[in-house]
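Everything on this sheet refers to the single structure shown next.
The values are calculated or read from the model by the stated rules, or taken from the named source; none is laboratory data. Fair warning: this is a prediction, and the values are worked out from it, not measured in the lab. Virtual Cβ from ideal backbone geometry, glycine too; neighbours counted across all protein chains shown. Ligands, DNA and RNA are stripped out before the accessible areas are found, and what is left, the full protein with its side chains, is counted by its heavy atoms. Shrake-Rupley method; radii C 1.70, N 1.55, O 1.52, S 1.80 Å.
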Amino acid sequence: MQRIFKISLLLAVVLLPATSRAQLSSNPYKFLGNITTRGNVEAGGGVPAYYTLWNQITCENESKWSSVEGNRGVFNWGGAENAFSYAKRNNFTYKFHALVWGAQYPDWLPDLSPKERFAALTNWFDHAKAKFNTLPMIDVVNEAVGNHQPGNPMIKETLGGGGKTGYDWLIKAFDMAYQRWPDAILIYNDYNSIRYDLDAYITLVQTLRDAGAPIDAYGNQSHELSGISDTELKSALKKQQDALQMPMFVTELDIDIANDAQQKAQYQKVLPILWEAPYCAGVTLWGYIHGATWVNNSGLYKNSAERPAMTWIKEYMQTEAAKSAVGPLPGTKKEASIYIRPAALKVVRGDVLPIKVNASLATKTIEKVDLYVDDELAATMTQAPYIVEYAVPTSSTSGWKKTKAVVTATDGSTYERYGRFSVVSGTSKHEPFGEVPELPGTINIEEYDKGVSGIAYNNTSRTTVTAATTGQWMDYTVDVKEDGLYSFDATVASSSSNGRFHLAEYGLDSLSYLTEFMEVPNTGGKGQWKKLHGSIMTELKAGRHVFTLLVEQGGFNIKDITFNRYEEADGSCLLKVSAGPYGVGDHVTVTSRATARNSSVSEVRFYADNLLIGTATTSPYVCTFIPSEMRKYNITAIAVNAEGKEKQSKICEVNVTSSTPLAIQSVVSDEGETPAYNVMGQPVGADYRGIVIKNGKKLMRK
């Protein structure tokens, strides 16, 4: 494995900043770290000061989302900031733990919709970035294998689901982290990764790497090593590294053994194997005070006294083997960011697969980038963007093809990154269905791209495509005619309000979610087609694109999607709804007061939960909304001027609290004659006085 890390020890030492050598580890390649104790950096009680023992720190709980934003919108960074500031003062490194985790998230998170949760999680990332502009290391995702945490299905849903790769939600998390902290070492972290869930762990990390996610290292928590043999440990570590070929961190090592001699013996067995692995970038022990960690007997200090294991660790760290062990990240600094991003993880023989090497160096200049496929040089590139249009040979056999990017700096140093893509059976290339739709314009749902299942589409056929099912996705090749912002209207039909989809683009730089998670309301039945309105969240660039429609939750029908250029109009669009309370079947009057500066109002469209409920072309702009379910509806209006520009109102909420109508049912006059008001509460006589009756009761006089 030495070939992966080609920078010399001498060069590494020269490049490193001056550091304190008071800690146990004096190795310039890797750290020996620990965690906070009961929320504090110093353990107290006569135990030596933190900085005299460890040269890396991780917050046990203080930087987790639930600890920071337990109350929504209120961020408590005190404990995390104390640890990070301590590390800076003592000139050693720290790790943020953990941005995304299916546990220890705020209690209020499950009460939100997936769209609201995604917004809340994005806000969490943004606040972390605002507080810590630079971070050396981040556990981006923690414990996502299978059902390691009960909240994983919810977090998966929050981040967009499995998508085309099965791990889109994790790729999205790493993309979001990289966009904010490109210089940080981005880590995937999990437990049981060495013993009980080894294969599942490798598959997860391998998929992230192969898809081009900006993952820099994998983290083995190593909680399960109290009874492991040296043979099993070496075998598992080799299997991981042979498959992943990237730096590894030991992130949470503890040996939970009450017997002092046995604990020492197990540390003597496992720590040298972990520490001296050339791909190991550092070891963090998970706590060192007996009784203060998550397990009972892992502490290295008991009653302020060293346990034998701690005495031995001190001795071992002074050995030549410990001090001279090489590692992949000198000084725990990320010099090279290299990610191989294919346009797809699967391709057929004879097709062309665009592959981009996203490469940058922190302190050096790139001279060239070489890309190899199965050890054969596919391209040498000297200018960014480093993109290869790789023609898959028609003679290729089915199975995985290995990729390797070698980045050469102007000083001659090299950095490598590995990946894979799969050649599958079949010869049907991924290509447009027919004439490529131009946007602005309409794509018909059944006209998804040609190709092989798993490459151009999944879980669908052209005869049943409009019936959306969970996990279904389809690619659509389109031509965007002009740079700009776009809105869209999807023709949908549903008998429930449980459906959800979003549009994405699997770009060569990142996985882009083009839309919010679009929730499909009840339209009155699967044959009742209505328009669902949404917006593309980022500017589209002119040119060829491949959009992917991803169905997160099926059970609805979808016919087509029409895209329009979006430009905001001058003027105003105010919205008002008739007073509640409301029941199912009520006639709710929705009124808009719209103006257009230097133009005229062409029409006003009214929406309930983005579903078109009416259009008015003359003032006063009024429509009637009839709720069909007991729940909250978000009512909006969009005023369109003569130039096609739009002005959207603020949201008005209609909370339907009864299964029967509560609005005005009938109105009679004082004398019991002709009603003075109709069922919408609108006057039918200029000076007529009447009594409003709701549910058979006189409520007020008009």
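Scan the stretch 72-122 residue by residue and report those that are more than 17 Å from Thr284 (Cβ to Cβ), part of a loop (DSSP other than H, G, I, E, B) and touching a Ser or Thr at 6+ places or on another chain (Cβ under 9 Å). Answer for the stretch 72-122, where residues must be more than 17 Å from Thr284 (Cβ to Cβ), part of a loop (DSSP other than H, G, I, E, B) and touching a Ser or Thr at 6+ places or on another chain (Cβ under 9 Å): Asn76, Trp77, Asn91, Ala103, Gln104, Tyr105, Pro106, Asp107, Leu112.
Listed by position, the strands (runs of 3 or more DSSP E) inside the stretch 506-554 whose residues that are closer than 18 Å to Thr477 by Cα, touching a residue at least 24 places away in the same chain (Cβ under 8 Å) and not polar (S, T, N, Q) number at least 1 are 511-513, 543-553.
With respect to the conditions (1) open to solvent by 30 Å² or more (accessible area, probe 1.4 Å); (2) free of Cβ contacts under 8 Å to residues at least 60 places away in the same chain, Tyr316 falls short on a single one, namely (1).
When Val492, Val584 are screened for being at pLDDT below 95 and open to solvent by less than 40 Å² (accessible area, probe 1.4 Å), only Val584 passes. The sole residue among Thr470, Thr463 that is part of a loop (DSSP other than H, G, I, E, B), of a type outside the set (Asp, Glu), out of contact with any strand residue (DSSP E or B) (no Cβ under 6 Å at 6 or more places or on another chain) and closer than 21 Å to Ile558 by Cα is Thr463.
Among the residues of the stretch 336-365, those identified as under 17 Å from Thr410 (Cα atoms), surrounded by fewer than 20 Cβ atoms within 10 Å (Cβ to Cβ) and not basic (Lys, Arg) are Ser360, Leu361, Ala362, Thr363, Thr365.
Only one of the numbered conditions (1) surrounded by fewer than 17 Cβ atoms within 10 Å (Cβ to Cβ); (2) within 27 Å of Phe84 (Cα to Cα) is violated by Ile138, and that is (1).
Looking across the stretch 587-615, the residues that are open to solvent by 40 Å² or more (accessible area, probe 1.4 Å) and not in a loop (DSSP other than H, G, I, E, B) come down to Thr591, Arg593, Thr595, Ser602, Glu603, Arg605, Leu612, Ile613, Thr615. Contact map, the stretch 228-241: residues that are of a type in the set (Lys, Arg) paired with residues that are surrounded by 14 or more Cβ atoms within 10 Å (Cβ to Cβ) and in a helix (DSSP H, G or I), Cβ distance under 9 Å, separation 6+ or inter-chain. Pairs shown: Lys234/Ile273; Lys239/Leu198; Lys239/Ile202. Within the stretch 486-501, identify whether any single residue is part of a loop (DSSP other than H, G, I, E, B) and on the phi > 0 side of the Ramachandran plot, and answer yes or no. No. Looking across the stretch 564-576, not a single residue is assigned to a loop (DSSP other than H, G, I, E, B) and either more than 24 Å from Ile536 (Cβ to Cβ) or without any contact (Cβ under 8 Å) to a residue 12 or more places away in the chain (or both). Restrict the check to the stretch 397-419 and report whether at least one residue is farther than 30 Å from Ala359 by Cα, open to solvent by 30 Å² or more (accessible area, probe 1.4 Å) and modelled with pLDDT under 95. No, every residue in the stretch 397-419 fails to be farther than 30 Å from Ala359 by Cα, open to solvent by 30 Å² or more (accessible area, probe 1.4 Å) and modelled with pLDDT under 95. Of note, Leu237 satisfies the criterion of being in a helix (DSSP H, G or I) and either out of contact with any Leu (no Cβ under 6 Å at 6 or more places or on another chain) or farther than 28 Å from Ala343 by Cα (or both). Only one of the numbered conditions (1) buried (at least 16 other Cβ atoms within 10 Å of the Cβ); (2) within 19 Å of Ala177 (Cα to Cα) is violated by Asn133, and that is (1).
Which members of the stretch 616-657 meet the condition of being assigned to a strand (DSSP E or B) and open to solvent by 70 Å² or more (accessible area, probe 1.4 Å)? Show your work before the answer.
Step one: list which residues in the stretch 616-657 are assigned to a strand (DSSP E or B), which gives 616, 621-625, 632-641, 646-648, 652-657.
Matches in the stretch 616-657: Lys632, Gln648, Glu653, Thr657.
Taking the residues in the stretch 536-561 that are open to solvent by 60 Å² or more (accessible area, probe 1.4 Å) and under 24 Å from the mean Cα position of the chain (by Cα) as candidates, determine which candidate is nearest to Glu438 (Cα to Cα). Step through it out loud before you land on a result.
To start, the set of residues in the stretch 536-561 that are open to solvent by 60 Å² or more (accessible area, probe 1.4 Å) comprises 537-539, 541, 544, 553, 559.
Of the ones still in play, those that are also under 24 Å from the mean Cα position of the chain (by Cα) are 537-539, 541, 553.
On the way: Met537: 19, Thr538: 18, Glu539: 16, Lys541: 13, Gln553: 28 Å.
Here the answer is Lys541.
Any residue at all in the stretch 230-251 that's among the β-branched types (Val, Ile, Thr) and buried (at least 21 other Cβ atoms within 10 Å of the Cβ)? Within the stretch 230-251 (the criterion being among the β-branched types (Val, Ile, Thr) and buried (at least 21 other Cβ atoms within 10 Å of the Cβ)), the answer is yes, since at least one residue qualifies.
Being under 26 Å from Pro150 (Cα atoms) and of a type outside the set (S, T, N, Q) narrows it down to one of Lys88, Lys64, so name that one. Please lay out each step first, then the result.
On the way: Lys88 fails: under 26 Å from Pro150 (Cα atoms).
Checking each option against the conditions leaves just Lys64.
May I ask you to say which residue of Asn71, Asn91, Asn61 is modelled with pLDDT of 95 or more, open to solvent by 50 Å² or more (accessible area, probe 1.4 Å) and within 20 Å of Lys333 (Cα to Cα)?
On the way: Asn71 fails: within 20 Å of Lys333 (Cα to Cα); Asn61 fails: within 20 Å of Lys333 (Cα to Cα).
Just a single option satisfies the conditions, and that option is Asn91.
Let me confirm something: among Val352, Val373, Val423, Val357, which residue is without any contact (Cβ under 8 Å) to a residue 40 or more places away in the chain and of a type in the set (A, V, I, L, M, F, W, C)?
Values: Val352 fails: without any contact (Cβ under 8 Å) to a residue 40 or more places away in the chain; Val423 fails: without any contact (Cβ under 8 Å) to a residue 40 or more places away in the chain; Val357 fails: without any contact (Cβ under 8 Å) to a residue 40 or more places away in the chain.
Only one candidate qualifies: Val373.
Exactly one residue out of Ala579, Ala596 is more than 17 Å from Asn634 (Cβ to Cβ), free of Cβ contacts under 8 Å to residues at least 24 places away in the same chain and of a type outside the set (Phe, Trp, Tyr), and it is Ala579. Would you mind stating whether Arg21 is modelled with pLDDT of 95 or more and open to solvent by 40 Å² or more (accessible area, probe 1.4 Å)? Considered against the rule, which asks whether it is modelled with pLDDT of 95 or more and open to solvent by 40 Å² or more (accessible area, probe 1.4 Å), Arg21 comes out as no. The set of residues in the stretch 121-139 being under 15 Å from the mean Cα position of the chain (by Cα) and among the β-branched types (Val, Ile, Thr) consists of Thr122, Ile138.
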